[in-house]
Structure formats: C-alpha cells, structure tokens
1. Quick one: which residues, 5+ away or cross-chain, put their amide H under 5 Å from the amide H of Tyr95? H built at 1.01 Å from N.
2. Quick query: amide H of Thr73 versus all other amide H atoms, modeled in the peptide plane; which residues come in under 5 Å with a sequence gap of 5 or more or a different chain?
3. For Arg74 and Val100, calculate 0.36 nm times their separation in residues minus their Cα-Cα distance, and state this gained length in nm to one decimal.
4. How much of the accessible area of the stretch 32-115, in percent, comes from carbon and sulfur atoms when a 1.4 Å probe is used?
5. Provide Rg and Dmax in Å for the stretch 32-115, with only Cα atoms included in the calculation.
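The values are calculated or read from the model by the stated rules, or taken from the named source; none is laboratory data. As the structure is a prediction and not an experimental result, all values here were calculated from the model. In case anyone asks, the SASA skips ligands and DNA or RNA and just uses the protein heavy atoms, side chains included. Shrake-Rupley method; radii C 1.70, N 1.55, O 1.52, S 1.80 Å.
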Amino acid sequence: MGSEVVGVGLFDSLRRRSKGGQKPGTLRKASSNDFKHLEDWASSRTGVEAYVEPKTNVTETTVVLIAHDGEWTRRRIESLDAAQQFGHKRSIPVYEVARVGYPKRMREYTERKKRGEA
C-alpha cells in the first residue's frame, strides 16, 4: 500500500473556516433561513408573542417566538428594529427580554417537554 503525506501546519486548525465560510469565533448573522423559519413558525401557531434577546459576546441578537401554549423557537434576527417590524407586520407583540423576562408558560412548556408530556 502507498502512503500519503499530508502537510499539517501548527496553526491550520485556527485558520479553518466553518461550513458557512465564517472564521471560527465570529458571530453568525441572521440569514434568510432564520427569517423563513420564524415566518413559518408564527403562521402555524396561535397567540404568538416575540421576545427579543440582546446581542452578547457569543450570539447576535435573537428573537424567541412563544405560542399560546408555551411552545417556543429561537432564531437570530438582525436587530430589535427588525424584530419590531416582523411583529408589526404580523400583529405579534414584541417585548425585550431584558425588560420583561420570559413568560411563565414558556418555562412550563419546557418542563412538560422534559417530562415527555408536551
């Protein structure tokens, strides 16, 4: 059998890019897939509210959509303004998590799901 020599530099792993072509350690921006997921999710549930989570050192701005029964989903969004526009177009109230916190029904849904009841 022949052997193949593969050159591996000391810092090659630091230079590798993720699947999206981003450098490791950079924050991924909101994409059209994120927006489509939010649209589809909101249109298929009732009593949806939006809770905007601020940008952090490890995550861009995100929005959590929460349905009437506490079911929820989270995706990146461009900004608080973008979340407010998203909500306004769909008559969905938009809240800032830092100001109001998460609703009790979201925590209850998560607990039910952990127990296999949701």
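1. Ala50, Tyr51, Val52
2. HN-HN under 5 Å from Thr73: Leu65.
3. Details: separation 26, 0.36 × 26 = 9.36 nm, distance 1.70 nm.
Fully extending the segment from Arg74 to Val100 adds 7.7 nm.
4. The C+S portion of the solvent-accessible surface of the stretch 32-115 is 47 percent.
5. Answer for the stretch 32-115, Rg first and Dmax second: 12.2, 36 Å.
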